[in-house]
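A.B. asks: Attaching a single structure in structure tokens format; questions to follow.
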Amino acid sequence: MRVSNFNGGPGTLPTEVLEEAARDMLDWRGTGMSVMENSHRGKKVIAMVKEAEMDFRDLLGLDDDWAVIFCQGGASLQFAMIALNFAGPGGRCDYINTGLWSTKAYKEAQICGAKPRLAASSEEEDFTYIPDAFDFDHEAKYVYITTNNTVRGTQWKKFPSGAPAPLVADMSSEFLSRPIDLEPFGLIYGGAQKNVGPAGVTVVAMRRDLADKARLDVPSMLSYPIYIKSDSMYNTPPVWGIYICGLTFKWLKNTIGGLSNMAAINRAKAEALYRAIDLSDGFYRGTARPCSRSVMNVTYRLPTEDLEKRFKKEAVQNGLEGLGGHRSVGGIRASLYNAVTQQDVSNLTEFMLEFQHKNA
Ligand SMILES: Cc1ncc(COP(=O)(O)O)c(C=O)c1O
């Protein structure tokens, strides 16, 4: 029996995707072997990677002004790739710091020799909100943001406007969860393991005119132009990961009906959970400011840490998994990624109500 899985990442995947992968496991597309046993230079794998790319483009409405590549190294490798390709030694770049992951990206840019600078930060308030005032550097090559903050449960509702350079965005924990107006963006990326696939593949889309400005003195496996030129096949790509992403893209298109529908479903799930928190007479306390609350990661506390421990333990006994907050902050976090169902959320809110009645 499958549980209600609220893991922060890797997160739950659509049952239909897992079932299809299981059916394909011994004989993928008549090859007599699984997709991961096929040569990545074979026609069928090349076609599968192209199909995944095209479905991804369809979902986000990316035209040929955009390049799409599949990288390895997790979302974290992008922290360095972005700085190496677009800033380089001494290169100026702006960061908006909204939590652990943008802090890490900023530090990685420093390690790469770039000169990152903070255009805004919500650190002084424990990253409980998304800033709305910015001090941009007009010499910056890009402005880096994390659109959804997995740890603190905040999310950008309106992206910063007036930036003098393209926005570069880590969208890992909200990847393909809502339509995005791509106008201010030069590059977006997401590690697959929350909303679209297994760990081990990161999908990156970037405007070709930005890619054209990438530095060429970067090691091959970190060079965006090399990924683009080789259709992500400079070396053996993460074929299995791309295949699962491809199945999830089809699920998003055909079963869900696209990103607007996905966004409506995700909003309804989050509203139900925030309602349960807000109507609990303070027993459950949301940690993010209401105006910055994430639709993907709902973070909250109980009156004591002891109660939180019992909450998590009893939740597991009730088939509700993965509710522990990130290890750096504790508390409770319910991640409501695309494949978490409304039923999963109802199971959680019912459990919360019962737990409150027993313990308030
Ligand atoms: C927003 C965000 N960025 C980056 C990462 C790091 O991802 P990875 O483990 O794939 O490097 C995470 C992981 O949780 C994340 O939530």
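The values are calculated or read from the model by the stated rules, or taken from the named source; none is laboratory data. Nothing here was measured: the structure is a model prediction, and the numbers come from that model. Virtual Cβ from ideal backbone geometry, glycine too; neighbours counted across all protein chains shown. Just so you know, the surface numbers come from the protein's heavy atoms only, side chains and all, with ligands and any DNA or RNA stripped out. Shrake-Rupley method; radii C 1.70, N 1.55, O 1.52, S 1.80 Å.
A.B. asks: Give me the residue from the stretch 78-105 that is within 18 Å of ARG152 (Cα to Cα) and aromatic (Phe, Trp, Tyr) and, out of that set, least open to solvent (accessible area, probe 1.4 Å).
C.D. replies: TYR95
A.B. asks: Look at the stretch 20-44 and say how many of its residues are within 19 Å of THR248 (Cβ to Cβ) and among the acidic types (Asp, Glu).
C.D. replies: Counting residues in the stretch 20-44 that are within 19 Å of THR248 (Cβ to Cβ) and among the acidic types (Asp, Glu) gives 2.
A.B. asks: Name every residue in the stretch 195-217 that is open to solvent by 60 Å² or more (accessible area, probe 1.4 Å), in a loop (DSSP other than H, G, I, E, B) and away from the ligand (no atom under 11 Å from the Cβ), in order of residue number.
C.D. replies: Passing the criteria: ASP212, LYS213, ARG215, LEU216, ASP217.
A.B. asks: So, one more: Is it fair to say ILE265 is surrounded by 14 or more Cβ atoms within 10 Å (Cβ to Cβ), among the hydrophobic types (A, V, I, L, M, F, W, C) and over 30 Å from PRO131 (Cα atoms)?
C.D. replies: no
A.B. asks: Next question. Can you pull out the residues in the stretch 322-342 that are open to solvent by less than 10 Å² (accessible area, probe 1.4 Å) and without any contact (Cβ under 8 Å) to a residue 60 or more places away in the chain?
C.D. replies: GLY331, ILE332
A.B. asks: Next up: Of the conditions (1) modelled with pLDDT under 95; (2) buried (at least 21 other Cβ atoms within 10 Å of the Cβ); (3) of a type in the set (A, V, I, L, M), VAL298 fails just one. Which one is it?
C.D. replies: So VAL298 meets the others, but not (1).
A.B. asks: Please determine whether any residue of the stretch 184-196 is more than 18 Å from the chain's Cα centre (by Cα) and closer than 30 Å to PRO290 by Cβ.
C.D. replies: Yes - at least one qualifying residue is present in the stretch 184-196.
A.B. asks: Search the stretch 301-310 for residues being open to solvent by 30 Å² or more (accessible area, probe 1.4 Å) and touching a residue at least 12 places away in the same chain (Cβ under 8 Å), and hand back the single one that is nearest to PHE127 (Cα to Cα).
C.D. replies: Restricting to residues being open to solvent by 30 Å² or more (accessible area, probe 1.4 Å) and touching a residue at least 12 places away in the same chain (Cβ under 8 Å), the top hit is ARG301.
A.B. asks: In this structure, is GLU108 farther than 30 Å from THR248 by Cα, within 12 Å of the ligand (Cβ to nearest atom), touching a residue at least 12 places away in the same chain (Cβ under 8 Å) and open to solvent by 40 Å² or more (accessible area, probe 1.4 Å)?
C.D. replies: Here the answer is yes, as GLU108 does meet what is asked.
A.B. asks: Could you count how many residues in the stretch 4-23 are touching a residue at least 12 places away in the same chain (Cβ under 8 Å), open to solvent by 30 Å² or more (accessible area, probe 1.4 Å), away from the ligand (no atom under 16 Å from the Cβ) and not hydroxyl-bearing (Ser, Thr, Tyr)?
C.D. replies: Number of matching residues: 2.
A.B. asks: Note down all Cβ pairs under 6 Å where the first residue falls in the stretch 28-46 and is in contact (Cβ under 8 Å) with a residue 40 or more places away in the chain and over 12 Å from MET233 (Cα atoms), the second is β-branched (Val, Ile, Thr) and open to solvent by 30 Å² or more (accessible area, probe 1.4 Å), and they're at least six residues apart or on different chains.
C.D. replies: If the second residue must be β-branched (Val, Ile, Thr) and open to solvent by 30 Å² or more (accessible area, probe 1.4 Å), the pairs left are ASN38/THR31.
A.B. asks: Now for a separate question. Which residue pairs have Cβ atoms under 7 Å apart, sit 6 or more places apart or on different chains, and have a first residue in the stretch 74-97 that is farther than 25 Å from ALA133 by Cβ and a second that is among the aromatic types (Phe, Trp, Tyr) and open to solvent by less than 10 Å² (accessible area, probe 1.4 Å)?
C.D. replies: Partner pairs satisfying both residue conditions: ALA75/TYR189; GLN78/TYR189; MET81/TYR224; ASN85/TYR224.
A.B. asks: Is the stretch 88-98 home to any residue that is farther than 30 Å from GLY258 by Cβ and within 16 Å of the ligand (Cβ to nearest atom)?
C.D. replies: yes
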